[in-house]
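Right, one structure below, let's go through it.
The values are calculated or read from the model by the stated rules, or taken from the named source; none is laboratory data. Small disclaimer: the values here were computed from a predicted structure and weren't measured. So basically every Cβ, Gly included, is an ideal-geometry build from the backbone, and we count neighbours across all protein chains shown. These area figures cover heavy atoms from the full protein model, side chains too; ligands, DNA and RNA do not enter into them. Shrake-Rupley method; radii C 1.70, N 1.55, O 1.52, S 1.80 Å.
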Amino acid sequence: MSLPFTAPLAAHEHAAYADAAAMVAALRPEQPVYCIRPHVLREAARHFVETFPGKVLYAVKCNAEPAFLDALHEGGIRHFDTASLPEISVVAERFADTTSYFMHPVKQRGGIRAAYGQHGVRHFVVDHADELAKVMVETGGAADAVIVVRLATARGAAVYDLGGKFGASPAQAAALLRQAYGAGRRVGLSFHVGSQCLTPGSYTAALRLAAHTLDLAGVPLSVIDVGGGFPVAYVGLHPPPLEDYVAAIRAGLAGMELPAECELWCEPGRALVAAGASLVVRVELRRDNFLYINDGVYGSLSDLKYAGLRFPMRVLRPVGDRVEVLEENLGEFSLFGPTCDAVDVMEGPYRLAADVREGDYIEIGQAGAYTLELRTDFNGFCPDRFVEVGDGAFLPTAEMEPVPFLSAAAE
Ligand SMILES: Cc1ncc(COP(=O)(O)O)c(C=O)c1O
């Protein structure tokens, strides 16, 4: 995690360019450059806030860069899912009109004390009796601390499963709800269906589990929190629109008996920020259909390897003073990152201009989520250059899809 106040990013530039090609023409950068699109972030925030029928808590872990936080705030985000004291501090230092919620199920005692005492945080997630006791003690027995119990959900059609590490069973969650409510606290129930969840029905199923938990607990809920997981498009992955997820959530809520004052929350990360940046990397060497580029698995691109996500890509080629965008006559390539570790490979295949060569740049779209937050400086490579660009989001197109294998029978 590279939060700005712990590791100031020296290379922020306020320069703005029409698009990534214009940036390459002007800078010919040796290092990877993030091309941030604040207008895309603002629009994503506006759309989510208008479409979701409850509070939208942005999951700060997904991207804590100030430019992203500011654009989301301008788009209407006022609530933040924070998982650590540094994340809470970043939000508190930036905005005077926002609320942070401590959504990590396992917290440091000092973090709970400072969150409650110094930053006015009032909502704390727990999934274990010892954590509940910790929150009770470290908030000084305060009755206004709201306890949100995290329920484990079954692995659904999500690219990342978050159920194995956190979450209580319905019986355990019901016991925690009863204990906290019995101690005079307001209580809520939360879950996370997994990141990049491709099936809206996963939310309905999780809410069914929540309804069952509530039946066991027999206490009034102040909050029902459907978590994150709202997906975005990658090459080969075209999820349904947000409206379908909202309909599935409404269907799940219809099966629950909730007090009128119960609040509905969600905690999106990826869906708010993925399209808000593309990343421009440079080809340092071509060996057959392998391209050695200047960012990789230890930098911004671990999702390409570990989640197998294929981000949209196109070649930008400097020709004299100009930069050509090559989006036709494509071939299939794998990528090597810049470090010396053989793990630093992204097999793809990714469809790029067939004659791509050393000195070309590759623009990688949907690069605003879980990219720069996960980078390391292993081997001395750490992408940290940022500019603004004014064009639309760079999204996957049909041409980027793998060419289907035609069997003899089909021909
Ligand atoms: C508790 C919690 N909430 C929200 C998120 C954001 O999830 P997503 O980016 O899939 O929307 C995460 C991601 O790990 C999480 O752990």
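For this structure, a couple of remarks:
- DSSP-defined antiparallel bridges as percent of all bridges, the range 38-273, nearest 5: 10
- Of all accessible heavy-atom area on the range 301-411, the percent that carbon and sulfur account for (1.4 Å): 52
- Relative contact order (%) - the range 176-311, alpha-carbon pairs under 8 angstrom, separation at least six: 25
- Projecting the Cα positions of V325, M400, L69 onto the charge dipole of the chain (unit charges on Cβ atoms of Lys, Arg, Asp and Glu, taken about the Cα centre) puts L69 furthest along the positive direction.
- Average accessible surface for the chain: 41 Å² per residue, computed with a 1.4 Å probe over protein heavy atoms with every protein chain in place.
- With the highest mean first, a sort of the peptides 38-47, 295-304, 130-139, 233-242 on other beta-carbon atoms found within 10 angstrom per residue produces 295-304, 38-47, 130-139, 233-242.
- The chain: antiparallel DSSP beta bridges as a percent of all, rounded to 5: 45
- Here the peptides 66-78, 245-257 are ranked by packing, the mean other Cβ count within 10 Å, and the order with the highest first is 66-78, 245-257.
- The HN-Hα couplings worked out from phi for the range 309-322 by the Karplus form 6.51 cos²θ - 1.76 cosθ + 1.60 (θ = phi - 60°) are 6, 9, 6, x, 9, 8, 8, 10, 10, x, 9, x, 7, 9 Hz, whole numbers, x standing for Gly and Pro.
- The residue among P53, V135, V232 whose Cα reaches farthest toward the positive pole of the charge dipole of the range 38-273, with charges on the beta-carbon of Lys, Arg, Asp and Glu, is V135.
- Only lysines eight or more places from K134 in sequence, or on another chain, were considered; those with a Cα closer than 16 Å are K107.
- As a length-normalised measure over Cα pairs under 8 Å and 6 or more apart, the relative contact order of the range 38-273 settles at 21 percent.
- Cβ crowding within 10 Å averaged over residues, with 185-191, 18-24 ranked highest first: 185-191, 18-24
- If only the Cβ of Lys and Arg carry +1 and only the Cβ of Asp and Glu carry -1, the dipole of the chain around its Cα centre is close to 1260 debye.
- Karplus-derived 3J(HN,Hα) values for the range 346-360, using 6.51 cos²θ - 1.76 cosθ + 1.60 with θ = phi - 60°, are 10, 6, x, x, 10, 8, 9, 3, 4, 9, 3, 8, 3, x, 6 Hz; glycine and proline are entered as x.
- Across the options C197, Y245, A152, the greatest Cα extent toward the positive end of the charge dipole of the range 38-273 (unit charges at beta carbon of Lys, Arg, Asp, Glu) belongs to A152.
- Counting only protein heavy atoms and a probe of 1.4 Å, the accessible surface of the range 38-273 is 53% carbon and sulfur.
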